[in-house]
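Enquirer: Quick one: structure below, then a few questions.
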Amino acid sequence: MKFMLGVKGRMTQIFDDKGTVSAVTIITATPMKVTQVKTAEKDGYSAVQVGAGSRKEKNLSAPVKGHLKDIGPVRFIREVRLTGQGTDEAAERGTTIDVSSFTEGDVVAVSAISKGKGFQGVVKRHGFKGGPRSHGQKNKERAPGSIGGGGRAGGRVVKGMRMAGRMGGDRITVKNLKVLKIDASTNTLMISGAVPGRPGTLVEIRG
């Protein structure tokens, strides 16, 4: 499996050889190092743990500092399960992985934490259409309406009822995005469409 950690940047658009324009998100993916290789015999499953980014060593806890003693301080540590395919299978501790593991045209899935939107009503949060503006209504246009009653659940609110509440801040995965351009000199990927999160969000790219 191809895997890369990056930081979301701005969106822009690029043109291909035929003049077709595509909206892209620029992701800065600095080289990351393999910090641990887990095996089915020792750990019960096969996975590769990688670290990316940089931070001051004094800000690391003692256990993490010991875990990274021959790697160096990293800001992010993530783990990816191995599937038996791809170049990651032969990775060893200390191996460097960069954007060259991807090629233009690869179809990828991007995961990140979405923007937090605070407390929102049902129209924005769940797409309710709201009530009518006729027949004397003046301030109920975005109200949720009935949520059931004693007849259906014995006077309780049914679990999973769509109501107002905090929105955003969830882990979102967008699949079937395409790598349109790779710049190894600046460690950047241009991926089609929008990816979750604000600029500066850590994103995980899986091929």
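Enquirer: Can you tell me how many residues in region 10-39 are crowded, with 18+ Cβ neighbours inside 10 Å and either under 20 Å from ALA112 (Cβ atoms) or outside the structural domain of ALA184 (by TED's automatic domain parsing) (or both)?
Expert: Here the count works out to 6.
Enquirer: Follow-up. Can you find, within region 160-207, the residue that is surrounded by the fewest Cβ atoms within 10 Å (Cβ to Cβ) among those that are more than 19 Å from ASP98 (Cα to Cα) and over 18 Å from the mean Cα position of the chain (by Cα)?
Expert: GLY160
Enquirer: Of the residues in region 151-191, how many are among the aliphatic types (A, V, I, L, M) and part of a loop (DSSP other than H, G, I, E, B)? Even if it seems obvious, please write down each step before you answer.
Expert: Within region 151-191, the first condition is being among the aliphatic types (A, V, I, L, M), and the residues that meet it are 153, 157-158, 161, 163-164, 167, 172, 174, 177, 179-180, 182, 184, 189-191.
Filter once more, keeping what is part of a loop (DSSP other than H, G, I, E, B): 157-158, 161, 163-164, 184.
Final tally of qualifying residues: 6.
Enquirer: Output the residues belonging to region 47-69 that are under 22 Å from the mean Cα position of the chain (by Cα) and among the hydroxyl-bearing types (Ser, Thr, Tyr). Don't jump to the end; show me each part of the working.
Expert: In the first step, residues of region 47-69 are kept if they are under 22 Å from the mean Cα position of the chain (by Cα); the result is 47-55.
Within region 47-69, SER54 is the sole residue that qualifies.
Enquirer: Separate question: Taking region 13-27 as the search range and keeping residues that are among the hydroxyl-bearing types (Ser, Thr, Tyr) and at pLDDT below 95, which one is nearest to VAL195 (Cα to Cα)?
Expert: Of all residues in region 13-27, those among the hydroxyl-bearing types (Ser, Thr, Tyr) come to 20, 22, 25.
Still in the list and also at pLDDT below 95: 20, 22.
On the way: THR20: 21, SER22: 14 Å.
Among those residues, the one meeting the criterion is SER22.
Enquirer: Restricting attention to region 75-133, report how many residues are surrounded by 11 or more Cβ atoms within 10 Å (Cβ to Cβ), at pLDDT below 85 and not assigned by TED's automatic domain parsing to the domain that holds ASP183.
Expert: Number of matching residues: 2.
The values are calculated or read from the model by the stated rules, or taken from the named source; none is laboratory data. Please read all numbers here as calculations on a predicted model, not as lab measurements. Using ideal geometry, Cβ is built from the backbone for each residue, glycine included, and neighbour counts are taken over all protein chains shown.
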